[in-house]
There are 6 protein chains.
Amino acid sequence: MRAQNRANNQIREAVIIPHYLDHMPGSVLIQLGKTKVICAVNIEDKVPPFLRNSNQGWLTAEYAMLPSSTPVRTQREYGVSRQGRSIEIQRLIGRSLRNAIDLSQCKERTIQIDCDVIQADGGTRTASITGAFVALSLALKAFQIPDSAIIRQIGSISVGIVKGEIMLDLDYNEDSGADADFNLVMDNNGEIIELQGTGEKKPFSSNELETVLSYGKKGIFELMELQKKALLAI
Amino acid sequence: MRAQNRANNQIREAVIIPHYLDHMPGSVLIQLGKTKVICAVNIEDKVPPFLRNSNQGWLTAEYAMLPSSTPVRTQREYGVSRQGRSIEIQRLIGRSLRNAIDLSQCKERTIQIDCDVIQADGGTRTASITGAFVALSLALKAFQIPDSAIIRQIGSISVGIVKGEIMLDLDYNEDSGADADFNLVMDNNGEIIELQGTGEKKPFSSNELETVLSYGKKGIFELMELQKKALLAI
Amino acid sequence: MRAQNRANNQIREAVIIPHYLDHMPGSVLIQLGKTKVICAVNIEDKVPPFLRNSNQGWLTAEYAMLPSSTPVRTQREYGVSRQGRSIEIQRLIGRSLRNAIDLSQCKERTIQIDCDVIQADGGTRTASITGAFVALSLALKAFQIPDSAIIRQIGSISVGIVKGEIMLDLDYNEDSGADADFNLVMDNNGEIIELQGTGEKKPFSSNELETVLSYGKKGIFELMELQKKALLAI
Amino acid sequence: MRAQNRANNQIREAVIIPHYLDHMPGSVLIQLGKTKVICAVNIEDKVPPFLRNSNQGWLTAEYAMLPSSTPVRTQREYGVSRQGRSIEIQRLIGRSLRNAIDLSQCKERTIQIDCDVIQADGGTRTASITGAFVALSLALKAFQIPDSAIIRQIGSISVGIVKGEIMLDLDYNEDSGADADFNLVMDNNGEIIELQGTGEKKPFSSNELETVLSYGKKGIFELMELQKKALLAI
Amino acid sequence: MRAQNRANNQIREAVIIPHYLDHMPGSVLIQLGKTKVICAVNIEDKVPPFLRNSNQGWLTAEYAMLPSSTPVRTQREYGVSRQGRSIEIQRLIGRSLRNAIDLSQCKERTIQIDCDVIQADGGTRTASITGAFVALSLALKAFQIPDSAIIRQIGSISVGIVKGEIMLDLDYNEDSGADADFNLVMDNNGEIIELQGTGEKKPFSSNELETVLSYGKKGIFELMELQKKALLAI
Amino acid sequence: MRAQNRANNQIREAVIIPHYLDHMPGSVLIQLGKTKVICAVNIEDKVPPFLRNSNQGWLTAEYAMLPSSTPVRTQREYGVSRQGRSIEIQRLIGRSLRNAIDLSQCKERTIQIDCDVIQADGGTRTASITGAFVALSLALKAFQIPDSAIIRQIGSISVGIVKGEIMLDLDYNEDSGADADFNLVMDNNGEIIELQGTGEKKPFSSNELETVLSYGKKGIFELMELQKKALLAI
């Protein structure tokens, strides 16, 4: 049995607080258990050189952890020591959110997503994606970009295999003991946008993968209800 | 008259929330008006090479702003582009807090202070110092370092001269129109630990400086009451 | 029909040349169609600080492209501009190969894998993994590390969905038109070590994923025959 | 008594040699005791992007120490290791000199100040400011920018509190034993442009601050006589 | 006697394979003994800012070693650690090739030379120059730049003094024992384009220099025959 | 005829001022015409890791130009932009001075040479070597390292070919019009330690090289007289 009597296919307590910051057009604080991430979206009236005169927008994302967000303090990522992990994660966030939006409806603007982890307890990258979707929707609204620019709702969750058991939404403790772990991004039809599975300690089978996908879908659909509430709460 | 009918020698609404983070031995969220800073203190059992076998502790500080903390998004400070402003501020924070502590009572440990600005509306560096003092006290307690290691209570506030009027605790709007501005760090006897005055647009006189110091002292003494409450609230 | 009458589940012409370099204990040149990668393995008698006195080895990987390997010249990755893509890929290579080896049988040594792309035409990361497995085996032999240190044979291939058709081992042209693409690392039992699927332009379904996995397995098993030949050819 | 029978409110022997370099429109060598700084001013017909078409000039400063300028050799500041101290100092130099000049009379030009310490024996930042004022005036003359662009004469000096005694213009030995030290920039009316006071080892009182300001004013006024001579000497 | 009965004025077995890469307009693999270098030339329709509207081309070169090219693995040159040696070599390559070409016949194009060492056994910089001349000629032909743009054929070789004996085309073993070593670039008239002589362990005399030049000329003239064959082989 | 009626084989007015800095054990200011370089030598009681317990010293050099040393201001070389030119020069300085000294007589010490150009008018690298030899000798004396550690006197000068005429010790104007230029380091027997010749605009012949060497020898021998005087002047 997991901590706090959580069932294997149950997500942690989840909260999405919209309009968390005063200065940004779109922002949320998303919490999954003890994991807390500020997702903020800023929109600027310019695009990178290769998109000028394309009448096409651009979306990019950054991800970082506060040094004090982790049990063992994390070094700030100045200079060349930028961790591969952060770069990998922010590429994933950007790729996923670009799947949710029709950038041709955004004019020549840059949509900048910032996901900053205030406290980390597993699942920070998937929480970032789920929160960023809400912050993005809020920012588009603030800039009066038409609703149709959002082409699909997306959400994300992690799944793991721990001692042979498949478990949804791992916290840090569970994650560090997992044989395999998965990050999953899906849309509201249950189609897969991104699937990353790593047999960190043990390879996994296609059968296991099937269960992973069904657990993940359940979790993501629950988070999507929270996303909708946060967007209505405005 | 200032926004929200604030008198010239009145600070903004101030809040200090202790134990804001789960993983760090000492942490607070400090708010002054819309300015919000997370101050966290981590303690490690090692010192830089030049202090080894000195039976002496070390204290160092870092300061950064979240990109989404400012009205115009701030670029992350990777690589060589580290802004001089942040470096200057974190040096000030470290210097000030080293004045509050007797490092010879801390054994060979490094006390790492992290001040991360979640939202900026003027006075982030002085709020960082005021908040960090509380986080530091909490962390020492958690590590059972004797009370006597805190040799004086310190607090900090900003003051400015705006169109000839001296004003306490400027918000961003006031600050950007100021002719001169001041950052002040004092101890609980009203003695000065750090005084930085800049005639950004106009030189100032010793007479003006006197009023600046008395306003500052009033503000810092009020913040010191909040510090005490936060420390008792444990 | 694909270029050169290739069937959808057919890999490109593949060659693995063992002992390609004179100075390294293990090395190959691997070619898949026009894609050419030098995989070299170097072994040093030291480990990173955190493994000292652990009687445990370490394995790490680096990946880079020659500037002249791509149709449009690629900038060298000096300094802070290190591309996220390369970092992501070398993390994948390292993770995959660590799955093939029992580092506790390697003493306190660092196994350094270098994958340098001489010519790129799609599938450079999966070719790197497939080639690196052979170079790794050669290097272990040269250092007389027991055969049992290799705990499983691994291979890797890419798969894509192009206009609704699932295709194995995409070349650059096919890849740039793909709706979704997959990188797959498997062991010789057909179990999955790493699975990365991205709906770059369109989400994909679990049904499609199933076919992707079966094509991938076929391709990887064929490459594993080549790996074995290269190892026998010594 | 101080070294060489210096009174507490007495500056060290000071020399300003104008036109020290052949290639720059304005330059001096300034010496205060053993401290030697080359201050050079270069003027270019361009401004940073944000000032284009503003009909406004720009002034910026850099400060560095030769490696051989200090008793213990100082590392060159390449790369990310740029010392916070140097950045802080060059920001102070730039801010101070911008107070001396009306940039709207300088057209769209960049005035670049370089202060390079040849030998350091305390007070290098204040010597830099005092010397840079002369170099700036020389450079404006060389570019036939009207005299009215200089809106006030500025000078700078350091003061310290050593074992309870207030002392003007500390050398390195005195400075390293000081309880508090101050850098002061004033104009020719004795108004304050910049005041930085740090109770490095002990807080200081407003009374002490008063004496510090009067000593500082005396020293700066003496240096201003030297500045005038150097400018007449042309 | 040297390894493999080589006479002192004899070069190692040399091979130049033209069109070694598919994507670049000009490329070769050059081998001198065990030394192997890929020389590639790319041409782009743009020049650096200072050459815009000059109707003049630009030529620049980069040189790097694969980490696995040397007996002791060479670290990749990311970030600030870029080795002085590589920079020195690529400056030499660029300078030498600019001597072979009339850039005013190349329009506003940038000719980018990349020399990447696959395997190093002495003489990599001179092999790079000799190979790059062929790759450059091939690339000009591919871009239909007139033959007259090549103003002279150039080639390069190393010479050394080992225990008093002058030896042509040192391999790594010979080079590491040499008292003095020389890199020589000549044109097809035997005139000198670049001469670098270093008395690494012992100064050398003008008499020795004379013999060095005559051995070098012999070697370069032999390599020039190979260059011609490679260019005819197209 | 050259500026100031200089004959083609005549050096510029040369001055070497020993003990130019107070803090370093060895230092000079060397002037050749308008070229001015501070050469300083510092000695520390430690060596790089690879020399520990070798009873062998180490010598390394750095070279830089003050930004205000050149007619067009030179950017400071922070970060990755470190110019290849400076690196090349400091490698040359280090290599040359290592030829003058027997490091086995210096114990495990690091000899750090700093050459900082105050004003540049051609020949800064050769002036650096000539000046550094004196500073090195002074520093060894200050550390009571035996005279026999200096195994040969070295000096350096530049030579050029300008419109067919061979000229000694070029100033900046002459140098920028030269067809070929040479940097020459010799010992007091006239043997060559370093010879770098570049046919920047035109190849040169062995005959021309001979005259270059004889002019260079004359100049270096004259500078060696100055070196001796500076060392006696102590």
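Say the cut-off is 26 Å between C-alpha atoms; which of C:Lys46/F:Lys107; E:Lys36/E:Lys141; E:Lys217/F:Lys201; F:Lys34/F:Lys163; B:Lys141/B:Lys229 go over it?
Beyond 26 Å between Cα atoms: C:Lys46/F:Lys107.
Between B:Lys229 and B:Arg152, 0.36 nm times their residue separation minus their Cα-Cα distance comes to what? Please list the in-between numbers first.
On the way: separation 77, 0.36 × 77 = 27.72 nm, distance 1.64 nm.
Extending this stretch completely gives an extra 26.1 nm.
Classify the protein assembly as shown: rounded, prolate or oblate, from the alpha-carbon gyration tensor (a ≥ b ≥ c, eigenvalue square roots; a/c under 1.5 rounded; otherwise prolate if a/b is larger than b/c)?
Taking the square roots of the gyration eigenvalues as a ≥ b ≥ c, the protein assembly as shown is oblate.
Other chains near B:91-103: what is the mean number of their Cβ atoms within 10 Å of each residue's Cβ?
2
Work from the charge dipole of segment E:110-209 (Cβ charges, +1 for Lys and Arg, -1 for Asp and Glu, about the Cα centre) and give the residue of E:Ser158, E:Ser128, E:Ala139 farthest towards its positive end.
Going by the Cα projections, it comes out as E:Ala139.
Given a 1.4 angstrom probe, what's the average accessible area per residue across the protein assembly as shown, in square angstrom?
Value returned for the protein assembly as shown: 39 Å² of accessible area per residue.
Average partner chain C-beta neighbours within 10 Å, per residue of F:63-73?
6
Round to a whole number: what % of the accessible area of segment E:187-230 belongs to carbon and sulfur, probe 1.4 Å?
It is 45 percent, rounded to a whole number.
Treat segment A:94-140 as a sphere of radius equal to its Kirkwood radius over Cα pairs and apply Stokes-Einstein at 10 °C in a medium of 1.306 mPa s; give the translational diffusion coefficient in µm²/s, rounded to a whole number.
Estimated via Stokes-Einstein, D reaches 135 µm²/s.
What's the Cα-based Rg to Rh of segment F:43-173, Rh via Kirkwood? Mind showing how you got there, number by number?
On the way: Rg = 16.7 Å, Rh = 16.2 Å.
Answer for segment F:43-173: 1.03.
If you count only protein heavy atoms and use a 1.4 Å probe, how large is the accessible surface of B:Leu184, to the nearest 10 Å²?
0
Counting Lys and Arg as +1 and Asp and Glu as -1, each charge on the Cβ, what is the dipole of segment A:4-50 about the Cα centre in debye, to the nearest 20?
Its charge dipole is roughly 360 debye.
Taking a probe of 1.4 Å and counting only protein heavy atoms, give the total accessible area buried between chains C and A in Å², rounded to the nearest 100.
2400
Which whole-angstrom value gives the distance between the alpha carbon centres of segment C:1-48 and segment C:145-210?
Taking the Cα centre of each part, segment C:1-48 and segment C:145-210 sit 17 Å apart.
E:Arg125: accessible area at probe 1.4 Å, nearest 10 Å²?
50
Can you pull the one-decimal nm distance between simple spin-label points at E:Asn173 and D:Ile17, each 7 Å off the Cα toward Cβ?
It is 5.9 nm.
Let me spell out the model: positive unit charges on the Cβ of Lys and Arg, negative unit charges on the Cβ of Asp and Glu, origin at the Cα centre of chain D. What dipole size does that give, in debye rounded to 20?
280
Which value, in Å² and to the nearest 10, is the accessible area of B:Thr74 when all protein chains are kept and the probe is 1.4 Å?
About 20 Å², ignoring ligands and nucleic acids.
Can you list residues whose amide H is under 5 Å from B:Gln153's amide H, if they're 5+ apart or on another chain and H is modeled 1.01 Å from N?
So B:Gln153 has HN proximity to B:Asn188.
When every alpha-carbon pair in segment F:21-62 is counted, what percent end up more than 13 Å apart?
64
What list of whole percents do you get for P(r) of chain C, with Cα-Cα distances grouped in 5 Å bins up to the one holding the largest distance?
Per 5 Å bin, starting at 0, the Cα pair percentages come out as 1, 7, 15, 18, 20, 16, 11, 7, 4, 1, 0, 0.
Of the accessible area of segment F:1-100, with the probe set at 1.4 angstrom, what percent is carbon plus sulfur?
Accessible surface attributable to carbon and sulfur in segment F:1-100 totals 47 percent.
Can you give the charge dipole size of the protein assembly as shown about its Cα centre, rounded to the nearest 20 debye, using +1 on the beta carbon of Lys and Arg and -1 on the beta carbon of Asp and Glu?
Values: 156 positive and 168 negative charges, 1 e Å.
Using Cβ point charges on Lys, Arg, Asp and Glu, the protein assembly as shown gives about 0 debye.
I need the Debye-formula profile for segment D:1-119: one equal scatterer per C-alpha, no solvent, reported as log10 I(q)/I(0) at q = 0.20, 0.22, 0.23 1/Å, two decimals.
One equal scatterer on each Cα of segment D:1-119 leads to -1.21, -1.30, -1.33.
The values are calculated or read from the model by the stated rules, or taken from the named source; none is laboratory data. Since this is a predicted model, take the numbers as computed values, not measurements. Cβ: placed from backbone, ideal geometry, glycine included. Neighbour counts: every protein chain shown. Heads up: the accessible areas ignore ligands, DNA and RNA and are worked out on the full protein's heavy atoms, side chains in. Shrake-Rupley method; radii C 1.70, N 1.55, O 1.52, S 1.80 Å.
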